[in-house]
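Worksheet for the structure shown next.
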């Protein structure tokens, strides 16, 4: 693995994101289910996407949570379920 030329240096301004805009988009944007790029998409470590293009929003998390609950109920799984989130705001699902 090669070492990045940015290793050990502050991130360049052009690579930074507006966290406030990202969090706002998470709660305000509604995904268009006709657009495949805005549907729930899982990678190796969970759901992938960005709120800025409506591919990771509150609606996605609610849908995933509902699917987990329905799956558990249909398979008579009633033990605890632990879910987590990053706390950029006071809201967490």
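Each reported figure results from applying straightforward, stated rules to the coordinates on display, with no laboratory input. Please read all numbers here as calculations on a predicted model, not as lab measurements. Methodologically, a virtual Cβ is constructed for each residue, glycine included, from the backbone with ideal geometry; neighbour enumeration extends over all protein chains shown.
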Q: Would you kindly state how much longer the chain becomes between residue 65 and residue 37 on full extension, computed as 0.36 nm times their sequence separation minus their alpha carbon distance, in nm to one decimal?
A: 8.1 nm
**Q.** Degrees, to the nearest 10: 19-28 long Cα axis against longest axis of the chain
**A.** 30
Q | Structure-derived mean projected area of the Cα convex hull in nm²: which label, when the choices are (i) 9.4; (ii) 7.2; (iii) 5.8 | A | (i)
Q) Measuring from centroid to centroid over Cα atoms, what is the spacing of the stretch 33-84 and the stretch 1-32 in Å? A) 22
Q. How far, in nm, would the chain grow between residue 11 and residue 47 when pulled straight, counting 0.36 nm per residue and subtracting the alpha carbon separation?
A. 10.4 nm
Q) What does the helix-only formula give at 222 nm for the chain: each DSSP H stretch with n ≥ 4 adding -39500 (n - 2.57), the total divided by the residues, and the result rounded to the nearest 500 deg cm²/dmol? A) -9500 deg cm²/dmol
Q | Packing-based ranking, highest mean first, of 26-39, 55-68 given that Cβ atoms within 10 Å are counted | A | 55-68, 26-39
**Q.** Efficiency of FRET from Cβ geometry, residue 72 and residue 30, R₀ 35 Å, rounded to 0.05
**A.** 0.85
**Q.** Approximate spin-label separation residue 83-residue 3, in nm, with each point projected 7 Å along Cα-to-Cβ
**A.** 4.3
